[in-house]
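**Student:** Mind looking over this structure? Questions follow.
The values are calculated or read from the model by the stated rules, or taken from the named source; none is laboratory data. Note that the structure is a prediction, hence the values are computed from the model and not measured. Here the Cβ positions follow ideal geometry from the backbone for every residue, glycine too, while neighbour counts run over all protein chains shown.
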Amino acid sequence: MLRTWRQRYTLTDLFIWVIGLVIAGAVVWGTISTLRLHLYTSIDWIDLTIRGLALGGVYALIAMGYTMVYGILKMINFAHSEVFMSGPFVACFVALGLASTGFLNKQPVIGLAFILIIAMAVSGGVALLLERICYRPLRNAPRLVPLITAIGASFFLQYTFRGLFGSGSYGYPAINILQKSFTIRGVQVFNTQVVVIAGSVLMMFILFGIVQWTKIGKAMRAVSEDKEAAELMGIDVDKMIVFTFGLGGASAGAAGVLYTLLFPVVNFYMGFTPGIKAFTAAVLGGIGNVPGAFLGAIILGLLESVGPNLFLTGLGIPSPSQLKDAIAFIVLVLILIFRPSGILGERISKDKA
């Protein structure tokens, strides 16, 4: 038995598991210590939860692009973070124009809808260009080649926007109605948070409905399952891949507008951190799994919002909120160690088998 164990696990595996257990132990110890201190009230925890749900909804829409492209091409489109950036960046100038005329505050619903359409169109267009120029010629190349190409395309898009619009930041105009808030049982809820949560859930239902219940969605899933068999059945594989990139890009553009409602500043580098976190969410839920992307994003958003205060305060960290970005990378490490297939990934693989 000992010999079998040695053949199955190496010292590297043991070392990795020790690191994971140390991190998990620190999380458990910090959580218990924080709860014993009673520094936060129930209202504080509810407020952090609402913020986490809003952030998780945005991550879910970005993660959809990663997981759908991976499901069909089995590649990670690391340029997707710049697809996310491009839509709200261009739409910012549209928003500033509408605000300068007063239309945005007089007709906020129409104004936001117009900004959303512009952002989705730009992000979808950039995603389609990436597919046509960068990825289609490399479709039959080894997996490492399109991966490196995606990283190069990411840098190209970043510095293209920097060259066109400068390295400075642009602020989205404030919408008066979204600055208001209301109170429920002592918890202050901003209209922005309600719009972001409701908008992200609505978009996720639309995307899920397209993938699961439409004819083109069935064709997408067929291509994901077996490209050769799908082509023999008369499905245009190229068309499905193009549609997947466009749909994922449009989803990222919508996520970008919702993100700017929470953080109303855009710059050429704004897509990097949300993109990494959305990728982490996709891995957490099970890369290639649409419901998994949503589940992983919500969990990650809650961990990023609630986690620093819950895990780190009891460990004596003076400013736990400053380490919120580290939470995503710690979660990624733990998932890769303990469950590389993600929360729902293993079930999907068993179904395919």
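**Student:** For the condition aliphatic (A, V, I, L, M), in a helix (DSSP H, G or I) and within 23 Å of the chain's Cα centre (by Cα), what is the one hit in Leu128, Leu98, Leu104?
**Tutor:** After applying the criteria, what remains is Leu128.
**Student:** Is the stretch 22-29 home to any residue that is at pLDDT 90 or above and surrounded by 13 or more Cβ atoms within 10 Å (Cβ to Cβ)?
**Tutor:** Yes, because at least one residue in the stretch 22-29 is at pLDDT 90 or above and surrounded by 13 or more Cβ atoms within 10 Å (Cβ to Cβ).
**Student:** Can I ask one more? Somewhere in the stretch 117-126, is a residue free of Cβ contacts under 8 Å to residues at least 60 places away in the same chain and on the phi < 0 side of the Ramachandran plot?
**Tutor:** Yes, the stretch 117-126 has at least one match.
**Student:** Can you tell me which residues in the stretch 175-208 are at pLDDT 90 or above and of a type in the set (Gly, Ala, Ser)?
**Tutor:** Ala198, Gly199, Ser200 - these are the residues of the stretch 175-208 that are at pLDDT 90 or above and of a type in the set (Gly, Ala, Ser).
**Student:** Taking Val187, is it in contact with an Asp or Glu (Cβ under 8 Å, 6 or more places away or on another chain) and either under 26 Å from Asp44 (Cα atoms) or surrounded by fewer than 16 Cβ atoms within 10 Å (Cβ to Cβ) (or both)?
**Tutor:** It is true that Val187 is in contact with an Asp or Glu (Cβ under 8 Å, 6 or more places away or on another chain) and either under 26 Å from Asp44 (Cα atoms) or surrounded by fewer than 16 Cβ atoms within 10 Å (Cβ to Cβ) (or both).
**Student:** Report yes if some residue within the stretch 167-188 is assigned to a loop (DSSP other than H, G, I, E, B), in contact with a Pro (Cβ under 7 Å, 6 or more places away or on another chain) and of a type in the set (Val, Ile, Thr); otherwise report no.
**Tutor:** yes
**Student:** Among the residues of the stretch 304-315, how many are touching a Gly at 6+ places or on another chain (Cβ under 9 Å) and either surrounded by fewer than 22 Cβ atoms within 10 Å (Cβ to Cβ) or of a type in the set (Lys, Arg) (or both)?
**Tutor:** Residues in the stretch 304-315 being touching a Gly at 6+ places or on another chain (Cβ under 9 Å) and either surrounded by fewer than 22 Cβ atoms within 10 Å (Cβ to Cβ) or of a type in the set (Lys, Arg) (or both): 5 in total.
**Student:** Would you confirm whether any residue within the stretch 104-115 is basic (Lys, Arg) and within 26 Å of Leu247 (Cα to Cα)?
**Tutor:** So far as the stretch 104-115 goes, no, none of its residues is basic (Lys, Arg) and within 26 Å of Leu247 (Cα to Cα).
**Student:** Applying the selection to the stretch 245-268, what residues are surrounded by fewer than 20 Cβ atoms within 10 Å (Cβ to Cβ) and either touching a Lys or Arg at 6+ places or on another chain (Cβ under 8 Å) or without any contact (Cβ under 8 Å) to a residue 60 or more places away in the chain (or both)?
**Tutor:** If the condition is that a residue be surrounded by fewer than 20 Cβ atoms within 10 Å (Cβ to Cβ) and either touching a Lys or Arg at 6+ places or on another chain (Cβ under 8 Å) or without any contact (Cβ under 8 Å) to a residue 60 or more places away in the chain (or both), then Phe263 is the only one that fits.
**Student:** Right, another one. Among (1) under 23 Å from Ser251 (Cα atoms); (2) modelled with pLDDT under 95, there is one condition Met120 misses while meeting the rest; what is its number?
**Tutor:** (2)
**Student:** If you check Ser305, Ser224, which single one turns out to be within 19 Å of Met64 (Cα to Cα) and either within 12 Å of the chain's Cα centre (by Cα) or modelled with pLDDT under 95 (or both)?
**Tutor:** Checking each option against the conditions leaves just Ser224.
**Student:** So for the stretch 229-244 (the condition being within 21 Å of Gly124 (Cβ to Cβ), hydrophobic (A, V, I, L, M, F, W, C) and free of Cβ contacts under 8 Å to residues at least 40 places away in the same chain), does at least one residue qualify?
**Tutor:** Yes, the stretch 229-244 contains at least one residue that is within 21 Å of Gly124 (Cβ to Cβ), hydrophobic (A, V, I, L, M, F, W, C) and free of Cβ contacts under 8 Å to residues at least 40 places away in the same chain.
**Student:** What tally of residues in the stretch 39-92 results from selecting those that are part of a loop (DSSP other than H, G, I, E, B) and in contact (Cβ under 8 Å) with a residue 24 or more places away in the chain?
**Tutor:** 8
**Student:** Is it the case that some residue within the stretch 47-58 is among the hydroxyl-bearing types (Ser, Thr, Tyr), at pLDDT 90 or above and surrounded by fewer than 24 Cβ atoms within 10 Å (Cβ to Cβ)?
**Tutor:** yes
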